[in-house]
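The values are calculated or read from the model by the stated rules, or taken from the named source; none is laboratory data. Bear in mind that the values here come from a model prediction, so they are computed numbers and not experimental data. Counting neighbours? That spans all protein chains shown, and the Cβs are built from the backbone with ideal geometry, glycine included.
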Amino acid sequence: MTTLRSGGWLDGDDEVAMLHRVALASVDYRPGRPVIGVAVTASDLNPCHGDVPRLVSAVSDGIRDAGATPVAFPAMSLGEDLMKPSAMLYRNLLAIEVEETIRSYPLDGIVVFAGCDKNVPAALMSLASADIPSLIALVGIRSPGQLGSRRLAAGTDIWRELEDRRGGRTSDSEWRELEAQLGRTGPGICNVMGTAVSMGLIAEMLGMAMPASATMSAQGDEIRAAAYDTGRRVVEMVESEIRPSGRMTQPAFVNAAKVLAAVGGSTNAIVHLLAVAGRLGLRFDLDSIESAVSSVPLLADVEPCGSGLAQDFHAAGASPTLVHEMADLLDLNCVAADGRTWEGIAAGRSPATQSIRTLHDPVLGAPTIAVLRGSLAPGGAVIKVAAASSDYLTHRGPAVVFEDYADMRTRLDDPELSVTADSVLVVRACGPVGAGMPEWGMAPIPKRLAEQGVRDMVRVSDGRMSGTSFGTVVLHVTPEAAVGGPLALVRDGDVIELDVPSRSLNLDVPEDELDRRRNLLQPPASPPERGWPALFRQHVQPASSGCDFDFLTSRDGPTRLVEPVIGRS
């Protein structure tokens with residue numbers, strides 16, 4: 001018989017156990033039943049999670065029907081659209097919150113609701129560290145807006161229309177109509193292969209979210225049924241003592257990286273994969289990702305790298321069909337959230353369609369993502385090749401340097417700015433230490449060039465970019481400028497050489513000149529040292545290690561929670 005973790009709080013006849021049972025009387029707790037936490041990330045500040053309350057009832061019904069007691073509690077909701085400077089700054093905070101809630105309360109298992117970009121990786125990180133039976137309930141994708149005869153791709157269409165607006169091709173009325181239509185799409189995550197859907201698929205491949213749930217509609221019965229099944233399944237996992245460490249294995253991480261490449265997913269997901277692997281003590285780094293993705297072509301015909309929407313991907317069979325088409329590249333013995341192997345799941349797949357291609361008929365050839373190194377990025381950088389312009393994948397050009405995001409926004413459209421289509425735009429001080437690593441890496445095309453019809457340029461940054469966006473953008477340059485990395489030494493006119501086929505990013509400046517500049521380098525002005533940002537700057541690791549905190553990563557494999565001393569509070 002399974003020994004319940006909650007028994008440490010609730011079993012016995014002493015006054016402490018009695019007080020604990022009284023505290024759970026309002027949720028109809030019955031002795032001997034597992035207690036299952038339900039982390040509720042609903043928030044009016046996060047429209048992606050707008051339908052979570054309806055799904056909470058479904059998860060709770062599943063938990064009760066499986067013979068356990070659901071206990072819902074609020075958790076921070078990371079809304080990518082509104083949080084400044086970035087929800088990324090608070091990913092580790094949510095991970096800590098969920099882990100510490102598990103540590104301090106009598107929970108035998110847990111379901112965490114997540115969908116919007118940073119909520120899924122935060123959940124994965126906390127559940128990897130806590131290592132109690134657990135799953136993620138994904139919140140589903142939003143409905144597509146409609147602009148004339150065109151279905152709108154949330155996020156991606158904003159970036160596309162922004163380029164046209166800056167180039168004088170989109171009128172004020174058209175811009176306002178786009179806003180109106182996007183505001184009518186309802187709850188759910190962006191319906192393209194941005195960070196949210198990418199991380200949902202990764203959660204599936206790591207065995208932490210129900211198969212195919214990443215691309216279900218946020219509205220309707222299918223996502224509610226998946227939530228119900230998630231509730232039932234987590235109780236089964238408690239009874240069988242099935243923990244995340246048994247599913248989030250090295251082969252599962254390799255599978256996840258390959259699926260990310262096959263769907264043309266967000267480069268942000270690379271940072272998150274590294275962070276989750278770090279919680280488990282796995283040997284999974286940028287070189288592991290490059291090795292996994294280098295031969296994987298683009299199979300999902302979904303924006304921003306393809307032409308369709310996440311709804312089309314789901315209708316074509318979602319992850320089970322994708323996994324079937326990738327069978328020769330994946331370890332199908334890895335176990336999914338529902339207990340089946342991916343081999344068993346893929347056996348019942350739908351046939352390949354225009355939306356999910358075969359390896360012999362891809363949307364684009366490999367690679368779709370690449371890891372770069374060189375004198376400008378000795379610790380590594382990444383580029384989404386599938387979203388870049390092929391003409392720029394091998395490029396030499398003079399740098400136009402912006403000291404930070406504010407400088408870029410101030411000077412980008414200055415008519416006197418010395419910039420051409422061959423220039424390389426550098427936006428620095430956007431890394432983890434410098435700014436919390438916001439999505440500031442994709443600088444817009446300077447207005448003067450946009451008006452001339454320029455639609456892409458090489459851009460280099462130590463920050464990130466939205467997974468819904470596109471362009472030839474080199475990101476996550478490590479070491480970052482704020483800690484004295486080579487990016488801090490770049491000056492206007494320096495030649496930067498990008499060579500994606502050779503996986504290199506170099507600064508063509510003599511070493512003695514770089515040494516001279518290094519000696520003149522002044523440390524960046526320190527922002528006010530207070531609260532969470534201060535703790536973040538003190539302990540955050542570089543992007544090449546996942547931007548987790550140095551005191552939260554594991555070097556020796558998964559570790560169980562350090563249980564609290566249980567007595568009177």
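Here are some notes:
- The one condition in (1) closer than 22 Å to Gly264 by Cβ; (2) assigned to a loop (DSSP other than H, G, I, E, B); (3) modelled with pLDDT of 95 or more; (4) not hydrophobic (A, V, I, L, M, F, W, C) that His314 fails to fulfil: (2)
- Of all residues assigned to region 41-50, at least one qualifies as being out of contact with any strand residue (DSSP E or B) (no Cβ under 9 Å at 6 or more places or on another chain), surrounded by fewer than 17 Cβ atoms within 10 Å (Cβ to Cβ) and within 30 Å of Pro542 (Cα to Cα).
- Cβ-Cβ distances below 6 Å connect no pair with a first residue in region 315-327 that is over 15 Å from Glu222 (Cα atoms), a second residue that is aromatic (Phe, Trp, Tyr) and part of a loop (DSSP other than H, G, I, E, B), and a separation of six or more residues or different chains.
- Among residues that are closer than 30 Å to Thr3 by Cβ and buried (at least 24 other Cβ atoms within 10 Å of the Cβ), Leu127 is included.
- Under the condition of being of a type in the set (Ser, Thr, Tyr) and under 17 Å from the mean Cα position of the chain (by Cα), the residues counted in region 94-129 number 1.
- Filter result for the condition that a residue is in a loop (DSSP other than H, G, I, E, B), out of contact with any Gly (no Cβ under 6 Å at 6 or more places or on another chain) and either over 26 Å from Val271 (Cα atoms) or in the same structural domain as Leu393 (by TED's automatic domain parsing) (or both), over Val454, Val474: Val454
- Residue pairs meeting the criteria (Cβ under 6 Å; at least 6 apart or on separate chains; first touching a residue at least 24 places away in the same chain (Cβ under 8 Å) and within 19 Å of Leu274 (Cβ to Cβ), in region 190-212; second surrounded by 24 or more Cβ atoms within 10 Å (Cβ to Cβ) and charged (D, E, K, R)): Thr195/Asp117; Ala196/Asp117
- Criterion: of a type in the set (D, E, K, R), under 25 Å from the mean Cα position of the chain (by Cα) and either surrounded by fewer than 22 Cβ atoms within 10 Å (Cβ to Cβ) or in a loop (DSSP other than H, G, I, E, B) (or both) - qualifying residue of Arg373, Arg349, Arg396: Arg373
- Scan of region 485-526 for residues that are over 21 Å from Arg537 (Cα atoms), small (Gly, Ala, Ser) and surrounded by 15 or more Cβ atoms within 10 Å (Cβ to Cβ), ordered by number: Ser504
- Among residues of region 495-534, those that are in contact with an Asp or Glu (Cβ under 8 Å, 6 or more places away or on another chain) and within 30 Å of Leu89 (Cβ to Cβ), counted: 4
- Candidates Ser288, Ser294, Ser319, Ser266: the one that is polar (S, T, N, Q), within 25 Å of His476 (Cα to Cα) and buried (at least 24 other Cβ atoms within 10 Å of the Cβ) is Ser266.
- All helices (runs of 4 or more DSSP H) inside region 138-212 with 2 or more residues being in contact with a helix residue (DSSP H, G or I) (Cβ under 6 Å, 6 or more places away or on another chain) and within 23 Å of Arg455 (Cβ to Cβ): 156-166, 172-182
- Only residues that are touching a strand residue (DSSP E or B) at 6+ places or on another chain (Cβ under 9 Å), buried (at least 21 other Cβ atoms within 10 Å of the Cβ) and either among the aromatic types (Phe, Trp, Tyr) or farther than 27 Å from Val371 by Cα (or both) were counted in region 243-263, giving 1.
- For region 297-316, the candidate set comprises residues that are out of contact with any helix residue (DSSP H, G or I) (no Cβ under 6 Å at 6 or more places or on another chain) and not small (Gly, Ala, Ser); within that set, the residue that is surrounded by the fewest Cβ atoms within 10 Å (Cβ to Cβ) is Gln311.
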